[in-house]
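Data first, discussion second: the structure below is written as structure tokens.
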Amino acid sequence: MLESFKRFFAGQAPAPEWADVADWAGKRGLHFKRVHEGEGFVVDGRLDDKPWRMEWGPPQRAYIAGRELRIRMELKLPGDLQMLLLSKPLMDQLERQTYENFTEGLQTQIDTSSPEEMRWLVMFPKLNLNGYRVLRSHFGMVASAPPTGLAWIEGPLGLHLERALGTLLQNDPPFVLMTLRGRAYLRTQLVDPDPASLAIALDLFETAVAQALRVAAHLGDSAQEWPSTGSTAWQNFDDSKPR
């Protein structure tokens, strides 16, 4: 109550509570926490006894406007299992930006300050998605080993992506799904974090996790070694202040 009076006299609107999101999380047995100063929230959960974290708030990538939804999970995947799927408009944008940086002499090489999403478009082979009639019109993909990338989106993950095109990914917003240094990541633009969109994103992410583990289980000792990248792909929300 005291904080409410302070905000009133200071002329500040009360921070959003996201009661519908908290209720959604509670019904699913998840832990909801509002981030300091009301700029975002965190939802923690577990899948097969492994923790994952969902964060919503100010974007951590320049190519996302407004607000960003992020989900990550430690899976202990093989370090060389590097796969990246992203929305086609975003892929075109990052490729164009990379080309302009080089041709305008702004840089002579892709350095570690560039996000993996950009560097991998240069480093790794682009996958042929002609076998996926719907997906090829909306997504692009690269992978350190192309067969593993195609195996990842085959079946359940491909179907979930197709369904999301009518809801969460309608109109092709900036969207990234990737595996990096043993973890799985999802990142997308989401201005309104309604429970329906969060549920779709989480179901999509959990499917991606299950399929990544399936691919990893079939890599075997003969899997080809590919170069890895070294920058930080994810910045955690500070518990007291969002970044």
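Please determine whether any residue of region 168-178 is farther than 20 Å from Q60 by Cβ and surrounded by 15 or more Cβ atoms within 10 Å (Cβ to Cβ).
no
Assuming G149 fulfils every condition listed in (1) under 15 Å from the mean Cα position of the chain (by Cα); (2) at pLDDT 95 or above apart from one, which condition is it?
G149 satisfies all of (1) under 15 Å from the mean Cα position of the chain (by Cα); (2) at pLDDT 95 or above except (1).
Being crowded, with 23+ Cβ neighbours inside 10 Å and among the polar types (S, T, N, Q) is the filter here, so list the residues in region 179-191 that pass it.
If the condition is that a residue be crowded, with 23+ Cβ neighbours inside 10 Å and among the polar types (S, T, N, Q), then T179, T188 are the ones that fit.
Open to solvent by 60 Å² or more (accessible area, probe 1.4 Å) and in a loop (DSSP other than H, G, I, E, B) - does that describe any residue in region 135-153?
So far as region 135-153 goes, no, none of its residues is open to solvent by 60 Å² or more (accessible area, probe 1.4 Å) and in a loop (DSSP other than H, G, I, E, B).
Against the definition (modelled with pLDDT under 95, outside any loop (DSSP other than H, G, I, E, B) and surrounded by 17 or more Cβ atoms within 10 Å (Cβ to Cβ)), how does L90 come out, yes or no?
Here the answer is no, as L90 does not meet what is asked.
Quick test of your reading of the structure: A62 fulfils all but one of (1) modelled with pLDDT of 95 or more; (2) aliphatic (A, V, I, L, M); (3) part of a loop (DSSP other than H, G, I, E, B). Name the failing condition by number.
All conditions are met except number (1).
Listed here are the residues, each with its yes/no results for (1) modelled with pLDDT of 95 or more; (2) open to solvent by less than 10 Å² (accessible area, probe 1.4 Å); (3) of a type outside the set (A, V, I, L, M).
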| residue | (1), (2), (3) |
| --- | --- |
| D23 | yes, no, yes |
| F32 | yes, no, yes |
| E39 | no, no, yes |
| P51 | yes, no, yes |
| L86 | yes, yes, no |
| Y99 | no, no, yes |
| F102 | no, no, yes |
| M123 | no, no, no |
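Please determine, by comparing only the residues of region 193-211 that are in contact (Cβ under 8 Å) with a residue 40 or more places away in the chain and open to solvent by 50 Å² or more (accessible area, probe 1.4 Å), which one is nearest to F41 (Cα to Cα).
Filtering first and then ranking leaves D203.
Looking at this structure, is G166 small (G, A, S), assigned to a loop (DSSP other than H, G, I, E, B), modelled with pLDDT of 95 or more and out of contact with any strand residue (DSSP E or B) (no Cβ under 8 Å at 6 or more places or on another chain)?
When the stated conditions are applied, G166 passes them.
Might you check whether a residue that is open to solvent by 60 Å² or more (accessible area, probe 1.4 Å), modelled with pLDDT of 90 or more and farther than 25 Å from E17 by Cα occurs anywhere in region 218-235? Steps first, answer last, please.
Step one: of region 218-235, the residues open to solvent by 60 Å² or more (accessible area, probe 1.4 Å) are 218, 221-222, 224-228, 230, 232, 235.
Remaining after also requiring modelled with pLDDT of 90 or more: none.
For region 218-235, residues open to solvent by 60 Å² or more (accessible area, probe 1.4 Å), modelled with pLDDT of 90 or more and farther than 25 Å from E17 by Cα: absent.
The values are calculated or read from the model by the stated rules, or taken from the named source; none is laboratory data. Please read all numbers here as calculations on a predicted model, not as lab measurements. When we count neighbours, we look across all protein chains shown, and the Cβ atoms used for this are built from the backbone with ideal geometry, even at glycine. Just so you know, the surface numbers come from the protein's heavy atoms only, side chains and all, with ligands and any DNA or RNA stripped out. Shrake-Rupley method; radii C 1.70, N 1.55, O 1.52, S 1.80 Å.
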